[in-house]
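The values are calculated or read from the model by the stated rules, or taken from the named source; none is laboratory data. For clarity, every value in this text was computed on a predicted model and none was experimentally measured. No Cβ is skipped: glycine too gets one built from the backbone with ideal geometry, and neighbour counts run over all protein chains shown. Heavy atoms of the whole protein, side chains included, go into the accessibility calculation; ligands, DNA and RNA do not. Shrake-Rupley method; radii C 1.70, N 1.55, O 1.52, S 1.80 Å.
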Amino acid sequence: MVRKAIIPAAGYGIRSLPITKVIPKEMFPVGLKPVIHYIVEEAFSSGIEQILIITSKSRDLIMDYFDSSIELEAFLKSKNKEHLIKKLEIPKVEILYKRQAVANGLGDAIRLGKEFVGNEPFAVLLPDDIVIPEPVPALKELIEVHKETKGSVIGLKQIKQDCLKDYGVIQGWPKERFIEIQDIVEKPETNAPSDLAVIGRYIFTPKLFTYLELTNEGVGGELQLTDAIKSLLANESVFGKIISGDRYDIGKLKEYVELVNRLIKTD
Ligand code: G1P
């Protein structure tokens, strides 16, 4: 059972400046819902019961969004517009928050979830990536592999050679339903070990925290999740799953616009 998930939402969003000076990228609208709504929905429909969102300064918008809106509901009732109340519904999952004091990388943000996770396998969803589920939510596909292997599982997607430098890239042996990962490299400038990039969906055994604590600053002077995964790999099997849905990196303007257009077309 994977019951808990961590969503890191504390970065500066520097790829999307200047708007991220005031609006966290997790709150970018995709249609009439913010990005983070889709992420929480995916976690909920994959069976997650509790979510820890790692936030930072000036992120109150995220907390406000998931709060109940009793005043607004009362207002809608008083105006005979009860039918609009269902638009305020959020996925029925418990959401907790923890603040990251200094933006010190993805690995550092996840490390803050150690007490929340305890001693059970857990999921990580990066809100940079939205996956349109096809036919099942991406996280659920990973959970299926975890059920079979009991190990950590990383979501993967085949991408174009010139984009590999923006992501973690793996090397591995394909099995029937998943890949056994041999190595992982963060943002390779050249000689990427394959064309399989890490998308922001992971299931980890709690052993990951041991390696996060031993990890030093990596690429960009930040504590990199990929470096902790590398150490995990050396000690236990880690698996990869090529997800079947379409993935959009909302930190890339072109993909963000494509996603919005796709959802408008199906509205
Ligand atoms: C992070 C990970 C990277 C992964 C990517 C997916 O990078 O470090 O391995 O491929 O998310 O979106 P970031 O986008 O935070 O630089």
The chain - mean residue ellipticity at 222 nm from DSSP helices (-39,500 (n - 2.57) per run, n ≥ 4, rounded to 500):
-8500 deg cm²/dmol
Over the heavy atoms of residue 15, what accessible area does a 1.4 Å probe trace out, to the nearest 10 Å²?
120
Work out from phi, with θ = phi - 60° and the Karplus expression 6.51 cos²θ - 1.76 cosθ + 1.60, the ³J(HN,Hα) of each residue of the stretch 246-251, listed in order in whole Hz, and give x for Gly and Pro.
8, 10, 10, 8, 6, x
Over the Cα atoms of the stretch 188-267, what is the Rg over Rh ratio if Rh follows Kirkwood?
1.06
Relative to the compact-globule scaling 2.2 N^0.38 Å, provide the ratio for the alpha-carbon radius of gyration of the chain.
1.01
A 1.4 Å probe over the protein heavy atoms gives the chain a carbon and sulfur accessible-area percentage of 54
With springs connecting C-alpha atoms under 10 Å apart, model the chain as a Gaussian network and identify which of 178, 209, 75 has the largest mean-square fluctuation.
75
With an 8 Å cut-off on Cα pairs and a minimum separation of 6 or more residues, tell me the relative contact order of the chain in percent.
24
When only the heavy atoms of the protein chains count and the probe is 1.4 Å, how do 44, 122 rank by accessible area, highest first?
44, 122
Where only protein heavy atoms count, and the probe is 1.4 Å, what is the accessible area per residue for the stretch 127-197 in Å²?
51
On a straight-distance basis, which lysines could pair with residue 265 in a cross-link, Cα separation under 16 angstrom, same-chain partners fewer than 8 positions away excluded?
33
Report residue 102's accessible area, 1.4 Å probe, all protein chains in place, as a number in Å² to the nearest 10.
100
Rank-order 34-43, 188-197, 248-257 by packing density, defined as the average count of other C-beta atoms within 10 Å over each peptide's residues, highest first.
34-43, 248-257, 188-197
Give the relative contact order (percent, whole number) for the stretch 179-267; include only Cα pairs under 8 Å separated by 6+ residues.
33
Once label points are set 7 Å from the Cα along Cα→Cβ at both residue 182 and residue 104, what is their separation, rounded to one decimal in nm?
3.5
In a Debye calculation with equal point scatterers on the alpha-carbon sites of the stretch 35-142 and no solvent, what is log10 I(q)/I(0) at q = 0.20 Å⁻¹?
-1.15
For residue 49 paired with residue 71, estimate the spin-label separation in nm (one decimal), with each label point 7 Å from Cα along the Cα-to-Cβ line.
3.4
Contour excess over end-to-end distance, with Cα ends at residue 79 and residue 158 and 0.36 nm allotted per residue
23.4 nm
Tell me the angle of helix 138-149 to the major Cα principal axis of the chain, expressed in degrees between 0 and 90 and rounded to the nearest ten.
40
